[in-house]
1. In whole angstrom, note down how far apart the Cα centers of the stretch A:94-159 and the stretch A:189-236 are.
2. So, R0 is 22 Å and r is the distance between the beta-carbons of residue A:178 and residue A:139; what FRET efficiency does that work out to, to 0.05?
3. Counting pairwise Cα distances across the protein assembly as shown, what percent come out greater than 38 angstrom?
4. Going highest first, how would you order A:141-150, B:252-261, A:234-243, A:95-104 by mean Cβ packing within 10 Å?
5. Can you return the aspartates and glutamates within cross-link range of residue A:247? Criterion is Cα-Cα under 14 Å, with same-chain partners fewer than 8 residues away left out.
6. Rounded to the nearest 10 degrees, what's the angle between the helix B:93-115 long axis and the longest principal axis of chain B, both from Cα atoms, 0 to 90?
7. Please work out the Kirkwood hydrodynamic radius for the stretch B:238-303, using every pair of different C-alpha atoms, and report it in angstroms with one decimal place.
8. Going highest first, how would you order B:166-174, B:118-126, B:146-154, B:103-111 by mean Cβ packing within 10 Å?
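Derivation of every value follows stated rules applied to the coordinates shown; laboratory data play no part. Given the structure is predicted, the values throughout are model-derived calculations rather than measurements. Quick reminder, even Gly has a Cβ in these numbers, built from the backbone with ideal geometry, and neighbours come from all protein chains shown.
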Amino acid sequence: MRISDIGMRFGGLWALSEVSFDVERGSVVGLIGPNGSGKTTLMNVISGVYKPTTGEVRYAGKRIADVPAYDVCHLGIARTFQIVKPFASLSTRENVAVGAMYGRNGAKRSTRASFERAQELLEIVGLARVADRPAAELTIPDRKRLEVAKALALDPDVLLLDEVMAGLNATEVEEALELLRDVNRRGVTLIVVEHLMKAIVSISTTIVVLAEGRKIAQGAPSEVLASPQVIEAYLGSRWVKRQEQLKEIEAQRAEAMRIQPPEATA
Amino acid sequence: MSTALRKIGLGGITGNRTALFISLGLMVLLLLVPTVLPGYQTLFRTILCFVALAYGWNIIGGYTGYVSFGNMVFFGLGTYCAALLSARGIDNLFADVGLAVVVNAAFAAVVGFPVLRLKGHYFGIATLGTALAVTDIVGNLDIFGGTGGLKVTQVDEAHFAIYYYAAWLVAAGAIAVTFLVARSKLGYAFVAIRENEDAAAVLGISATKYKIIAWAISAAIAGAAGAVYARGNGFVDPSIAFAEDFNVYPIVMTILGGTGTVAGPFVGALILSGVNETLGHTFLKLHSLFFGAVIVLVVLLLPRGLVWLIGLRGGVRTWIKSLQAYKA
């Protein structure tokens, strides 16, 4: 998947500009950035919900913007929503089955096969215990799981996950990560938006950092997090300046020590 | 259906089972009307037409969630299909119903392209507008007999029961179609659109396509009801074909019985027709007041209809609790 020169304007505001990066097959791309940096907007562009003002997202030789919203999943791209959207009156299992019926392999699946697939996925994401409850009755963490199950029901090659771990406790985050690793091992490319730095570092092969709608860094998790621009974006320029000042003071002190070692005066 | 299948949730979105069985039982009993209660044949034939109309409305308004106020137009066109065939000397119920189904499905698909882009109130108003426009067009064209109407050839009185059975078949067909839709992938596409069109699109459902399918099915059922009604009535003019009753009653019936269920429209149609008939004789015009009261009470106390009430376990307390949940 190639994301090139994406710009997205809402009225007078550029939510995204000149964002480009490639997503390798089978990789896990972590998309991070402070609040309002354009992560969800980018997810919406990649999944075809928004048509970008400039640039394009190409996947499997097609421009996503040219594909109608309901056909994006047939290309092999699935996504979850940060603000969950279950079909409230349907049961949890039915919610997932709808994905299995109309997703990528839906045309080949009978109603029965779709329900069986839904049941499998519910067991994988840990929702089998509430399979027959109306989706409206699910707790928030369960709704997040349901989003993942619905997206997986589309049999995607690329899965976009928008803050599926928000609101989960430490154990649940560990379970979710294990689930995502498992999905990735089956050959599904993941693009993950998450605030939880620990989680994203542990799962991503590449991290892309957005700030104010621009890409400010890209690379392996450890090097990206050490980058001064990223630290500045997260902790503010004053913090960075203070660090620099401290470093300078430290350097001056070291210099002073070198010229006049304390032992010499003694 | 095996219990194993039910365990994995393959029951579909048919609604309460008990209500469905009761409805099917009553439907079979209705077959006896011409032999047991010949005097009430006309009344029950009309009721069966309302049953079919309610089922037609339920597909678009109940399952797909697009509240149409224009389904009478399909009923009306159905009646004229029969009248026009009759005017050309073709007197065959199968031809009437066949033509009505084809014409209405096609008409709904064509009108649906622009109209189904609208949502909520706008869709409702557009359907009502379409219905009023078609009423005026039909009333002013000579081929439709203008406001003077058209005569529909009938069989002789001794064989009148045939119209009753035709209406029964159309109603039964409407129930069967609804049941099949609710058990199939199609039904789930409709409900997904009702619950959240954007989320449905993400799962690969083309909202436009399935809304048009839903409306075409809805229109075909209403048209078939119109065709047999016209034959039974023997005469068609705009005030009969496009009567407001055929528009409003099916909606109220479906809401009373339970939208988006297989038994709901039948339960609602039977109860309201019965009450309407009794009150209509006693109070004449006042019965429309009763309809208004029913709408208000149902919306307030039974937002999901009688069928849902039958399936409710836990008595009054659960009912009040779920009402609060519904309003929240």
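1. Comparing the Cα centres of the stretch A:94-159 and the stretch A:189-236, I get a distance of 30 Å.
2. 0.65
3. Roughly 45 percent, rounded to a whole number.
4. The densest-packed peptide leads the list: A:95-104, B:252-261, A:141-150, A:234-243.
5. A:255
6. 60 degrees
7. Final number for the Kirkwood radius of the stretch B:238-303 is 12.3 Å.
8. B:166-174, B:103-111, B:146-154, B:118-126
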